[in-house]
Amino acid sequence: MFDKLRNRISQINIFGNMPRRTRILLKSFLITLLSISVVVVVGIIFWNRTVVPPPPPPLDYVRRPVETPPPNNDYPIDNGDEEVEEKYEYFWPAPERFTDDDRRDDFWTFLIIGLNQRLNSNVVMVASYCGTSREANLISIPRDVVVHPTRTGRQLLSSYIAGSGGDRGRAGGIAQVQRDVMNVVGFIPDYYVVIDYEAFFSIIDAIGGIDIDVPIRMRYVDPYQDLDIDIQPGMQHMDSATALDFVRFRQSNRNSGYPSLPDGDFGRTRNQQAVINEVVNRLLRPASILQVPEFVNIFNESVYTNLTFSNMMYFALELNHVRGTDALTTYTLLPARSGWPASSEEFLSPQAVLELVNQTVNPFDREFELRDINVVTQ
């Protein structure tokens, strides 16, 4: 192949009356460039053919640490050198009447958990991707939604930290979020992705920052959290630190004269979705295909997930086939009512949840029914 390229270039008279030394250098450069291009193209073709779509994980009992919360399970307890007996439970990840035969082909679901420095699950989203239509849906579940009827810290915000207490650690935290999310949507998503601040920084920096249209002047200072947010309105190019401030902002300091988001936490959720959409849009750029190994490496080093290397390669390459602004559609489960008296607790409508889940992220050919979810309404 390379000999044919060399002969073909030799036959092309594009060098005119250039000096012989210059012609030799230019021919060598062109041969080298074409050779590298051939290797890259062959490599990409081979890569695409060898990375196959993962089959949906089979419905099977999920093994995870049993829930034995300490007296105050809002915060993990350090038991020092005391030995803790590991206890496990086995949990069916879908309604009992569902089987593997009910799974949709080429359809995968994801649980996205965003942790803050105190291990609160500030961001919880359920996403789906259909390999046939190459469409993705994402549902945000507000962090203040009540997901447990009696637990200290009944809200989704406290799920991860409640599960990780008593030396159960990260596995217990993820398990508790899975359990609480299943009560809402009816199933445990196939894959989980846990993103902390370090992972967030790595992802944003890897794509060279993001461009976001900021709705208002965002100004907030909290010395206890070492937080100083100051973002101007309008289109802004954000590095990872500014992007984190953007997704954290909800309200300004009292009597500061600066505006707050008019819809509070729901405005913050909308901003989080805007960041995810912008990240996806940047990943869809043709040049991003060359960064696939870098993104996979970031996931391996900074993101805690049950996605395998092969899984990550497949879904990263799938982005190359997704086109259009409708590739990712975002939704938010809006609460039907707030707690009373004054409370930050929010309650969902089971009927509204059911309708949205069946339209978007349901991984089964059969629709969920009210008996399949366990939404806390009081």
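The values are calculated or read from the model by the stated rules, or taken from the named source; none is laboratory data. Computed from a predicted structure; not experimentally measured. Glycine gets a Cβ as well: all are built from the backbone with ideal geometry, and neighbour counts include every protein chain shown.
The table that follows gives values for the structure above.
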| read-out | value |
| --- | --- |
| Any hit, region 140-161, residues being under 27 Å from Asp102 (Cβ atoms), of a type in the set (Asp, Glu) and modelled with pLDDT of 90 or more | no |
| Qualifying residues in region 255-272 (those that are buried (at least 18 other Cβ atoms within 10 Å of the Cβ) and within 15 Å of the chain's Cα centre (by Cα)) - the one nearest to Asp196 (Cα to Cα) | Gln272 |
| Condition met for Glu278 (buried (at least 17 other Cβ atoms within 10 Å of the Cβ), of a type in the set (Asp, Glu) and in the same structural domain as Asn120 (by TED's automatic domain parsing)) | yes |
| Hits in region 205-228 (condition: within 30 Å of Asn297 (Cα to Cα) and crowded, with 18+ Cβ neighbours inside 10 Å) | Ala206, Ile207, Ile210, Ile212 |
| Selected residue [within 18 Å of the chain's Cα centre (by Cα) and either among the hydroxyl-bearing types (Ser, Thr, Tyr) or within 19 Å of Ile276 (Cβ to Cβ) (or both)] from Arg170, Arg134 | Arg134 |
| Yes/no for Val221 being aliphatic (A, V, I, L, M), part of a strand (DSSP E or B), in contact with a Leu (Cβ under 9 Å, 6 or more places away or on another chain) and within 23 Å of Leu156 (Cα to Cα) | no |
| Counted residues, region 275-287 - those being under 18 Å from the mean Cα position of the chain (by Cα) and either closer than 16 Å to Met313 by Cα or modelled with pLDDT under 90 (or both) | 9 |
| The one condition in (1) in contact (Cβ under 8 Å) with a residue 60 or more places away in the chain; (2) not in a helix (DSSP H, G or I) that Ala274 fails to fulfil | (2) |
| Residue match in region 292-299 (condition: crowded, with 18+ Cβ neighbours inside 10 Å and touching a strand residue (DSSP E or B) at 6+ places or on another chain (Cβ under 8 Å)) | yes |
| Flag for Asp167 being out of contact with any helix residue (DSSP H, G or I) (no Cβ under 9 Å at 6 or more places or on another chain), assigned by TED's automatic domain parsing to the domain that holds Leu348, surrounded by fewer than 24 Cβ atoms within 10 Å (Cβ to Cβ) and charged (D, E, K, R) | yes |
| Residue match in region 106-128 (condition: loosely packed, with under 13 Cβ neighbours inside 10 Å and either more than 28 Å from Pro142 (Cα to Cα) or modelled with pLDDT of 85 or more (or both)) | no |
